[in-house]
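Report on the following structure.
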Amino acid sequence: MHHNMNRVTIKTPEEIAKMRKAGILLSKVMETVIKAVKPGVTTKQLDKIAYDMIIANGAKPSFLNYHGFPATLCTSVDDEVVHGIPCDRELQDGEILSIDSGLILDGWQSDHAKTVGVGNITDKAKDLIKVTTDCLYRGIDHMVVGARLGDVGAAIQQLAEAHGYGVVRDMCGHGIGKNMHEPPQLPNYGTPGTGMMLKAGMVIAIEPMINLGSWRIKILDDGWTTITADGSLSAHMEHTVAITDEGPIILSRPEDDK
Ligand code: MG
């Protein structure tokens, strides 16, 4: 999605604690939605589950009406990379589904995405999802004070490309706080030792988008749905992460999760 060009904001520990609350709620929403994923369910039904749960918990869906986006979730199936629009089509056994969601609680944003299989998926699809998950956590490991954005991107790129996968170039992770998209942008590729230095109090949504084939993408006529140019499968994983003197803290994980 689009990016605000204001300055990098440094969050206080109190503000990070509020963002953690938003992240806990978002992780619960995501768990609930994922439990409902099965063949025959529509992405619109998943969207309603997320919307109702966010509203019932006193939060606001951040994607809904963002630059005109019409839903609470982005639901991206198979070769759709990101920004798929929930619809009445039933999910089919063997498909993979990226679910991306964001919410605002007490004025603070959280952003989180996961790719899951629908029913039984191929070993190829399983491996893509596993490697994309590993890319996310490998990237997070590098989100430490004094590291540079290029260190994070390079770690993701090296792991993905070692498996022969393509790393989407045109879209990146982003700072997040009171706004969904703040500077800096965090590409999922890069050169170690380059880019902005990470400081305690930065909060960044890291979101590798990894394709089974080429990294190239295109955007459909709806202006949102982004697909792989070669029709290959794509997976997407995202967490909202705070950079602290004690190391990275994943804000969009469940409450009881380490
Ligand atoms: Mg994001």
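The values are calculated or read from the model by the stated rules, or taken from the named source; none is laboratory data. If you're wondering where the values come from, they're calculated on a predicted model, not measured in any experiment. Positions of Cβ are generated from backbone atoms using ideal geometry, with glycine treated the same way; all protein chains shown enter the neighbour counts. To get the accessible areas, we keep the full protein, side chains included, count just its heavy atoms, and leave off ligands, DNA and RNA. Shrake-Rupley method; radii C 1.70, N 1.55, O 1.52, S 1.80 Å.
For the stretch 79-107, enumerate the residues that are of a type outside the set (Asp, Glu) and within 15 Å of the ligand (Cβ to nearest atom). If you could, list the steps in order and put the result at the bottom.
Here is the first cut: in the stretch 79-107, the residues of a type outside the set (Asp, Glu) are 81-87, 89, 91-92, 94, 96-99, 101-105, 107.
Result: Val81, Val82, His83, Gly84, Ser98, Ile99, Ser101, Gly102, Leu103, Ile104.
Give all pairs with beta carbons closer than 8 Å in which a residue from the stretch 92-112 that is over 14 Å from Ala71 (Cβ atoms) and assigned to a strand (DSSP E or B) meets a residue that is of a type in the set (Asp, Glu) and within 16 Å of the ligand (Cβ to nearest atom); count only pairs at least 6 apart in sequence or on separate chains.
Partner pairs satisfying both residue conditions: Asp111/Asp100; Asp111/Glu207; Asp111/Glu238; His112/Asp100; His112/Glu238.
Being open to solvent by less than 20 Å² (accessible area, probe 1.4 Å) and in contact with a helix residue (DSSP H, G or I) (Cβ under 9 Å, 6 or more places away or on another chain) is the filter; apply it to the stretch 159-169 and report the residue that is nearest to the ligand (Cβ to nearest atom).
Just the residues of the stretch 159-169 that are open to solvent by less than 20 Å² (accessible area, probe 1.4 Å), to begin with: 160, 166-168.
Remaining after also requiring in contact with a helix residue (DSSP H, G or I) (Cβ under 9 Å, 6 or more places away or on another chain): 160, 166-167.
Details: Ala160: 18, Gly166: 19, Val167: 16 Å.
Step by step, filter the stretch 159-169, then rank; the result is Val167.
Kindly evaluate Thr228 against the criterion of being more than 15 Å from the ligand (Cβ to nearest atom) and surrounded by 23 or more Cβ atoms within 10 Å (Cβ to Cβ). Break it down into steps so the answer makes sense when it comes.
Values: more than 15 Å from the ligand (Cβ to nearest atom): yes; surrounded by 23 or more Cβ atoms within 10 Å (Cβ to Cβ): yes.
So Thr228 fits the description; yes.
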